[in-house]
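The values are calculated or read from the model by the stated rules, or taken from the named source; none is laboratory data. Since we're looking at a predicted model, the values are computed, not measured. Because the Cβ atoms are built from the backbone with ideal geometry, glycine has one as well, and the counts that use them run over all protein chains shown. Note: accessible area is taken over every heavy atom of the protein model, side chains too, but ligands, DNA and RNA are not part of it. Shrake-Rupley method; radii C 1.70, N 1.55, O 1.52, S 1.80 Å.
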Amino acid sequence: MIEAEVRPRGPYSLRLSCRLASDATRTFRDDVLTAALPGARGPELVYARQRPDGTVQLVGATAEGVERLRACLGLDEDHAPFLRRFRDDRMVGPSLRHLRGLRPTAVGSVAQSLLRALCGQLIQSSRARAIERGIVRAAAPAIGPSGLRAPPGCAELARFAPADLRRLGLHARRGATLVRICRELELERLRGLPTDAAAARLQRERGLGPWSVGVICLQGLGRRERGLEGDLGLVKLLSELRGRRVEAWETAELLEPYGEWAGLASVYLLAGYSRGLVPLAA
């Protein structure tokens with residue numbers, strides 16, 4: 001086994017960051033993250049645990065698996081400049097003070113983030129996660145007794161017919177979008193593009209709007225620049241702020257002040273809103 005002791009750059013809490021990370025490819029139990037990740041020699045299980053001194057212990061069968069997990073956790077993505085810049089911000093400041101170690105955890109493939117974005121369009125989050133789990137489990141066999149599946153790539157998802165995805169709960173139009181994109185575009189290559197270029201390429205695809213592109217950038221590419229414009233939680237937050245029902249596009253105005261940190265601001269606003277940390281109008 002390969003072990004690595006990593007000191008995260010900037011504040012980091014594995015517990016905060018992975019509290020809701022469990023899906024068909026990973027679990028977070030008893031403060032240990034267990035994740036299935038693809039590799040050159042096939043999928044493997046990798047593990048992460050944070051020590052009391054803040055160091056994160058990563059364990060895997062190969063150095064490649066350990067490095068992939070390190071990237072998914074964003075251990076080298078120091079967000080201290082974001083914390084300093086907006087610590088006194090009226091909207092996000094309280095969340096930064098209470099949840100300063102929170103970082104978004106990326107999924108193991110860009111294709112899985114596309115699947116997550118399409119599952120999450122316009123439906124309840126718990127139902128979206130259930131559909132995603134079912135499709136991932138149908139796409140790949142379990143890795144030993146863990147029951148976890150490796151994150152599906154374009155090849156695995158492209159093998160589905162839209163009718164198959166419909167039977168698994170995904171809307172027919174979204175299923176057709178998923179299959180078409182996975183057959184026509186090698187999503188992993190987007191990692192080599194600047195965020196704006198990757199987002200522009202995705203936005204040319206029918207069926208992907210600003211929210212879906214934000215999910216792919218944040219959870220697939222690990223980029224912090226693109227906000228989750230149109231997220232239902234942000235719509236609810238802004239509706240309370242303005243005392244009226246708002247449209248999804250109006251959430252861009254909520255995220256605009258955070259500039260190149262809009263994606264991370266989305267995460268903190270949503271986490272803070274769920275905990276009552278965002279100051280709202282009476």
Output the residues belonging to segment 77-92 that are in contact (Cβ under 8 Å) with a residue 60 or more places away in the chain and open to solvent by 60 Å² or more (accessible area, probe 1.4 Å).
Glu77, Arg85, Arg90
Within segment 25-63, the residues that are of a type in the set (Asp, Glu), over 21 Å from Arg9 (Cβ atoms) and over 21 Å from the mean Cα position of the chain (by Cα) are Asp30
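Here is a list: Glu250, Glu260, Glu184. Which entry is in contact (Cβ under 8 Å) with a residue 12 or more places away in the chain, open to solvent by 60 Å² or more (accessible area, probe 1.4 Å) and over 16 Å from Gln112 (Cβ atoms)? Break it down into steps so the answer makes sense when it comes.
Numbers: Glu250 fails: open to solvent by 60 Å² or more (accessible area, probe 1.4 Å); Glu184 fails: in contact (Cβ under 8 Å) with a residue 12 or more places away in the chain.
Step by step, each of Glu250, Glu260, Glu184 is checked, and only Glu260 is in contact (Cβ under 8 Å) with a residue 12 or more places away in the chain, open to solvent by 60 Å² or more (accessible area, probe 1.4 Å) and over 16 Å from Gln112 (Cβ atoms).
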Given (1) open to solvent by less than 20 Å² (accessible area, probe 1.4 Å); (2) touching a Gly at 6+ places or on another chain (Cβ under 7 Å); (3) of a type outside the set (Val, Ile, Thr); (4) in a helix (DSSP H, G or I), number of the condition Arg103 does not satisfy:
(4)
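Which of the residues belonging to segment 46-72 are assigned to a helix (DSSP H, G or I), touching a residue at least 60 places away in the same chain (Cβ under 8 Å) and of a type in the set (A, V, I, L, M)? Before the answer, list the steps.
We begin by selecting, within segment 46-72, every residue assigned to a helix (DSSP H, G or I); these are 63-72.
Retained after the next criterion (residues that are touching a residue at least 60 places away in the same chain (Cβ under 8 Å)): 63, 65-66, 70-72.
Ala63, Val66, Ala71, listed by residue number.
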So, first residue under 17 Å from Glu225 (Cβ atoms) in segment 95-106, second residue assigned to a helix (DSSP H, G or I) and at pLDDT 95 or above, Cβ within less than 7 Å, six or more apart or across chains; the pairs are Arg103/Ser17; Pro104/Leu218; Pro104/Gln219; Pro104/Val267; Ala106/Cys72; Ala106/Gln219; Ala106/Gly220
Which of the numbered conditions does Ala63 fail, given that it passes all the others? Conditions: (1) open to solvent by less than 40 Å² (accessible area, probe 1.4 Å); (2) in contact with a strand residue (DSSP E or B) (Cβ under 6 Å, 6 or more places away or on another chain).
(1)
Per the list (1) surrounded by 24 or more Cβ atoms within 10 Å (Cβ to Cβ); (2) in contact with a helix residue (DSSP H, G or I) (Cβ under 6 Å, 6 or more places away or on another chain), residue check on Val136 breaks on (2)
Test Ser239 against the stated conditions and say whether it is touching a residue at least 60 places away in the same chain (Cβ under 8 Å), open to solvent by less than 30 Å² (accessible area, probe 1.4 Å) and not in a loop (DSSP other than H, G, I, E, B).
no
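Which of the residues spanning segment 215-232 are outside any loop (DSSP other than H, G, I, E, B), open to solvent by 20 Å² or more (accessible area, probe 1.4 Å) and of a type outside the set (A, V, I, L, M, F, W, C)? Show your work before the answer.
Here is the first cut: in segment 215-232, the residues outside any loop (DSSP other than H, G, I, E, B) are 215-220, 232.
Filter once more, keeping what is open to solvent by 20 Å² or more (accessible area, probe 1.4 Å): 219, 232.
The answer is Gln219, and nothing else.
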Residue by residue through segment 263-282, note down the ones that are crowded, with 21+ Cβ neighbours inside 10 Å and over 15 Å from Gly93 (Cβ atoms).
Gly263, Ser266
Out of (1) in a helix (DSSP H, G or I); (2) within 22 Å of Tyr12 (Cβ to Cβ), what's the single condition that is false for Trp249?
(2)
